[in-house]
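Asker: Structure incoming, see below.
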Amino acid sequence: MTVASETNKKKKGLFNRFLDLIERYGNKLPDPIMLFVYITVAILIASAVFGLMGTTATHPGTGETIKVVNLLNGAGLVRILTEMITNFTSFPPLGLVLVVMLGVGLAESTGLITAFMKASILKAPKKIILPVIVLVAICGNAAADAAMVVLPPIVAMIFIALGRHPLAGMAAAYASCAGGFGANLILSMSDPLVYGFTESAAHMIDPAYTGNPMINYYFLVASALLLVPVATFVTNKIVEPRLGKYEGEAEGVEAVITPGEKKGLLWAGVSLLVAGGAFAILALPENAILRNPEDGGLIISPFMDSIVPIMMILFLVPAIIYGKAAGTLKDSKDFGDQLGKAMSGMGTYIVIAFVAAQMIAYFNWSNLGPIVAIKGAAILEALGFTGLPLFVGFILIAALINLLVASQSAKWAILAPVFIPMFMLLNYDPAVTQAAYRVGDSLTNPITPMLAYFAIVLTFAKKYDPKMGMGTFMSALLPYSIAFTIMWIVLFSAWYLLGLPLGPGGGIHLK
């Protein structure tokens, strides 16, 4: 070892040495495809072991006894074989990614994204580009999970254009989308979804309890504003310095706009306004067809159910118009070739999606997830904490459970009937319990393989580093989870101690 390398090793702080450890041992893990295969086998074996042991748990809301289902008996093997194709074809991220990538891929291949970056992002002050990206990623949760698919590859391109490491941009975008899932400046599908379970659980103690989906809104906004500088700091000071200078083959984008690009951008902008206006007509008027036919709302509506194809169209139409105007898309044959080229890199993702779909299906069939969640809730209840330590413990338990059960609604369906009534008996408003859950539900999202988008973004990352291992990727995401955990708990604690309202009709204590 040289004197210089020894000096560099000594200069490394404890946290960087910890991340080095994560990276080193994480990279010894097998390829994601095989890792999912091994986890799938482990789930099947666990289902057999605990099924034969008769392991059960009682659902706190319904009183139903949940048993571990043995998937290695005759009935289990029949189900595995007969539903294998359905597991794959009904796997939500499969269609979501492929449909969105039709539009995004064509926008990239025609040069629209590059031209847009040169005309806007690269001309903006560099100091605000990353905070804007983080805020867009956090607010992108209003589009459900689509932002986790669309933003990381686009932000990677932006970082290359800025002369920065693309994997740092990809990590920032994914961590902000996933880790900031419980924060937003606007209401999203999650708000009424989570509140529905909260109200039902509250009625177990107070049948007259009424709230609304906005009971956490003030806290969500403050959380979003807090996470922007946190994610920016982590990217600039921890993640990107660890990755070093990008030495890949991808070329940066010169900030010089050609006449053809200017013309293409002009007509692409016009087409985007037309397409956006058409969807506005379909969604905004009082009786619009994309509104909820029962209550006229937009949060739970055909509009939100159509958000993925809408996003695809809003990428695809401007890409076609740009390509025709700029001369990068010549005819229908060229259109077909470019679409095929845009989708040609999705083969690895499709294989990962197949294996991940089976793994998640078997985990759900076995009932291991709900039983782990119920047992975890019982542990927290048995600890006997009160006041702020109780809520901090609840946040951490929810974050740990999230490593195994990624579905926000599935976890809350189990936890709400336990903790909403328990905390109400201690004079806590359901709003504060829900807010604590949403924090915990978000913190470990960036690092849990049970969130299918982890493997998807890892696949995108291999475009820039074919040797990218899970350890390197995990070590790039872990600092966000740690920083979000610390700062979000600090924010929650301050909110709790100051007794601030969490949203319209939502406070800390019951009145």
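The values are calculated or read from the model by the stated rules, or taken from the named source; none is laboratory data. Every value quoted in this text rests on a predicted model; they were computed, and no experiment measured them. In this analysis, Cβ positions are derived from the backbone assuming ideal geometry, glycine residues included, and neighbour counts consider all displayed protein chains. Surface areas here come from the heavy atoms of the whole protein model, side chains and all, with no ligands, DNA or RNA. Shrake-Rupley method; radii C 1.70, N 1.55, O 1.52, S 1.80 Å.
Asker: Which condition number does LYS330 fail, the rest of (1) out of contact with any Gly (no Cβ under 9 Å at 6 or more places or on another chain); (2) farther than 28 Å from PRO166 by Cβ; (3) not hydrophobic (A, V, I, L, M, F, W, C) being met?
Answerer: (1)
Asker: Go through the range 59-89 and give me each residue that's part of a loop (DSSP other than H, G, I, E, B) and either more than 18 Å from PHE354 (Cα to Cα) or free of Cβ contacts under 8 Å to residues at least 40 places away in the same chain (or both).
Answerer: Within the range 59-89, HIS59, PRO60, GLY61, THR62, GLY63, GLU64, VAL68, VAL69, ASN70, LEU71, LEU72, ASN73 qualify.
Asker: If we keep just the residues of the range 493-507 that are part of a loop (DSSP other than H, G, I, E, B) and touching a residue at least 40 places away in the same chain (Cβ under 8 Å), which is farthest from PRO213 (Cα to Cα)?
Answerer: LEU500
Asker: Across the range 59-89, what is the number of residues that are open to solvent by 60 Å² or more (accessible area, probe 1.4 Å), among the polar types (S, T, N, Q) and at pLDDT 85 or above?
Answerer: Of the residues in that region, 5 qualify.
Asker: Any residue that is aliphatic (A, V, I, L, M), surrounded by fewer than 15 Cβ atoms within 10 Å (Cβ to Cβ) and at pLDDT 90 or above - is there at least one of those in the range 295-316?
Answerer: no
Asker: Okay, moving on. Test PRO192 against the criterion of being out of contact with any helix residue (DSSP H, G or I) (no Cβ under 9 Å at 6 or more places or on another chain) and within 22 Å of ILE420 (Cα to Cα), and give yes or no.
Answerer: yes
Asker: To continue, here is another question. When residues of the range 422-437 are filtered for being part of a helix (DSSP H, G or I), touching a helix residue (DSSP H, G or I) at 6+ places or on another chain (Cβ under 9 Å) and open to solvent by 10 Å² or more (accessible area, probe 1.4 Å), how many remain?
Answerer: Residues in the range 422-437 being part of a helix (DSSP H, G or I), touching a helix residue (DSSP H, G or I) at 6+ places or on another chain (Cβ under 9 Å) and open to solvent by 10 Å² or more (accessible area, probe 1.4 Å): 2 in total.
Asker: For the range 254-277, give me each residue that is within 32 Å of the chain's Cα centre (by Cα), open to solvent by less than 50 Å² (accessible area, probe 1.4 Å) and either without any contact (Cβ under 8 Å) to a residue 24 or more places away in the chain or over 22 Å from GLY103 (Cβ atoms) (or both).
Answerer: Correct list: ALA255, GLY277.
Asker: So ILE414 clears everything in (1) open to solvent by 20 Å² or more (accessible area, probe 1.4 Å); (2) of a type outside the set (Phe, Trp, Tyr); (3) modelled with pLDDT under 85 except one condition, right? Which one?
Answerer: In the conditions (1) open to solvent by 20 Å² or more (accessible area, probe 1.4 Å); (2) of a type outside the set (Phe, Trp, Tyr); (3) modelled with pLDDT under 85, ILE414 misses (1) alone.
Asker: Continuing with the same structure: Among the residues of the range 196-205, which ones are touching a residue at least 12 places away in the same chain (Cβ under 8 Å) and either under 16 Å from GLY440 (Cα atoms) or open to solvent by 60 Å² or more (accessible area, probe 1.4 Å) (or both)?
Answerer: PHE197, THR198, SER200, MET204, ILE205
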